[in-house]
Amino acid sequence: MEGIDYIVIIIYVLGIVGAGMVFAGKMKNSKDMFVAGGQSPWWVSGLSAFMTMFSAGTFVVWGGIAYKFGAVAIAINLCYGVSALLVGWLLAGVWRRAGVDSAAEFLRLRYGGSIVQFYTWFKGSLTLFSTGGAVYALSKIVTALMPLPAGHFLADPATGHLSVPFTSVALCVIVIVIAIAGGLWAVLVTDVLQFVILTVSVVFVVPLILIEVGGWGSFVAAAPEGFLSPVAADFSVWFLIGWMIVNFFVFAADWSFVQRWVCVPTAKDAKKAAYLIGVLYLVSPIFWMLPPLVYRVVNQNADTEQAYILACQYVLPAGMMGLMVAAMASATASMATTRLNVFAGAFTEAYQNLSSKKVSDKQIVTIGRAITLVLGLVVVGGALLIPKYGYTKFIVDINTLLYVPLFLPSVWGLFSRKIGLTAVWVTTIAGFVTAYLVKFALANGGFLTDVALLQPIVGWIAENSRIADMLGGIVTPFIILIVLELLEKHENPGWARTMKLRQDFHEMPVLQAYTLPGKMVAIALVAIGVLMTGLTLIDHKEAGVLIGLAIVLFVIAGILYAFLRKADRANNV
């Protein structure tokens, strides 16, 4: 990258931190900090949830698969869209009508405090630790573009580039500051902003790189055989079906997404937010994954984890490249701040439940910020330790093996009158044991691989490892819960508690639309457009691309401003 790119990155990061600071003084209580007062516009919540799935890991993992295997990366990401649409149809509105402020509150009412403690500690630690892996992935991307002079104190002696550990820690600090300062409002606003920037940047990359290779026809002719197939290698049709099921439960019960369903005013808004995610994921992967696909015919020997950023570097002018990197950083920061906010809220709620004295709203916000800082250190630990295990392997294993046993009982409890705490513990523990047997005991030289009677199973797992992981992680918890549901004859007391809360809850649609988040996004888009226009004075050769980007940003900001003016007029009626 060139000097102007670094300037753009610094300005962008300062802007994101500033957005968090704007909301710092607006948090008067824990509801403001962790659920945005239940007043988030549905489109803000939907875009934020969409970007919660994005991080540098998206570009490293799926971008790498796109570069190596082809269009199957698009198919995998389209699965998210189907999952989100199903959640919007079946569950998002149910969560809002449940009358809770968080998934943790529902679990405490439905099953009791012990399972909330387990979820808070286990899922919280696991999620935040894995978030550190996303920060590491971002560091890999950023440092690959930042060579330093020999002997520089921030350089990695092995590569001569900026140190990955140093970059990881620095990024974690920025994430913690944003989460502590602005709560969920800051997370929502930065999500929307970086959604626009990333989308516009990628839309520019696609035609530019296609022009470089001679157009779509030239790309297809030069691509490897089977490169445009929706399935490849271990990513079979069965894997795609399993991936849809796993991510259905992620959207349905992961605390980060439940937070998005309950922070909007009405159940209709929650459904609309989920539908927005689904539609975006049925369209955007076609554009998101094209740069590394096309780059395969440009450079067949690139590092797969760096293929995405190298494709962008290949065609983007100075300044715009810095904006792209800054947007990737923002995507990762968004995911990390979302997760920090969710689990800081859960830990803060646990503190309130355990505290023997009354705690004021101001004290709760202070405690929430302190907890956010401590949890941020877990993210730092993940950024430094996950590379030793392997980031891609870690993420795939966690998704396929553990998420359904963790999330299925939450969804089941929304509809079942009978299952209780014992069923949740049995399902979760059995799911984890099955995951261990499939992943370790029956594979890769595990202690059961030499048992004669198990040889057919061992051989099948060796040939179909990803399918085996999916079956172990999905089928086992389903079978257990179905059996326990059929065996149980009585209604669980937790069902009555949640039904009472649901009956007492009344939707209170917002009488005045809260337009500040949208105004901040519009102002930021105009500022970035002005910055890109200014860069034309430095880079005359790429002035057309930069002006084009600026015009698109100005148009989006203008449309958003018109929408907000209409909302303000409605507020004043």
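So the values come out like this:
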| quantity | calculated |
| --- | --- |
| Protection-proxy order for peptides 117-126, 284-293, each taking the mean of Cβ atoms within 10 Å per residue, highest first | 284-293, 117-126 |
| Part-to-part distance (alpha-carbon centres) for the range 88-113 and the range 41-85, which is given in Å | 25 Å |
| Residue pairs, from the table Lys272/Lys388; Lys393/Lys500; Lys393/Lys489; Lys123/Lys272, whose Cα atoms sit over 32 Å apart | Lys272/Lys388; Lys393/Lys500; Lys393/Lys489 |
| Highest-first arrangement of 241-248, 259-266, where packing means the average Cβ count within 10 Å | 259-266, 241-248 |
| Which of Met532, Met51 has the fewest Cβ neighbours within 10 Å, and the rest in rising order | Met532, Met51 |
| Net +/- balance of residues flanking Leu228 in space, Cβ distance below 15 Å, scoring K and R +1, D and E -1 | +1 |
| Amide H contacts of Phe235 (H built 1.01 Å from N, under 5 Å, at least 5 apart or other chain) | none |
| Extension gain, Ala496 back to Ile11 (0.36 nm per residue minus Cα-Cα distance, nm) | 169.3 nm |
| Options (i) 3, 17, 28, 27, 17, 7, 1, 0; (ii) 3, 14, 18, 21, 19, 14, 9, 3, 0; (iii) 3, 16, 24, 24, 19, 11, 3, 0, 0 - which one matches P(r) over Cα pairs in 10 Å bins from 0, in percent as calculated here | (i) |
| Rounded FRET efficiency, nearest 0.05, which uses the C-beta distance separating Met146 from Gln455 and R0 of 45 Å | 0.30 |
| Relative packing of 398-406, 481-489, 250-258, 232-240, which averages over residues the other C-beta atoms within 10 Å, highest first | 250-258, 398-406, 232-240, 481-489 |
| Residue order, fewest to most surrounding Cβ atoms within 10 angstrom, among Leu162, Leu316 | Leu162, Leu316 |
| Selection from Asn492, Ala430, Ile419, by position along the positive dipole direction of the range 403-510 (Cβ) | Asn492 |
| Residue order, fewest to most beta carbons within 10 Å, for Asp5, Asp303 | Asp303, Asp5 |
| Helix-only mean residue ellipticity at 222 nm for the chain, each DSSP H run of n ≥ 4 adding -39500 (n - 2.57), per residue, nearest 500 | -25000 deg cm²/dmol |
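Rule-based calculations on the coordinates, nothing more; no lab input. All of these numbers come straight from a predicted model, not from anything done at the bench. When we count neighbours, we look across all protein chains shown, and the Cβ atoms used for this are built from the backbone with ideal geometry, even at glycine.
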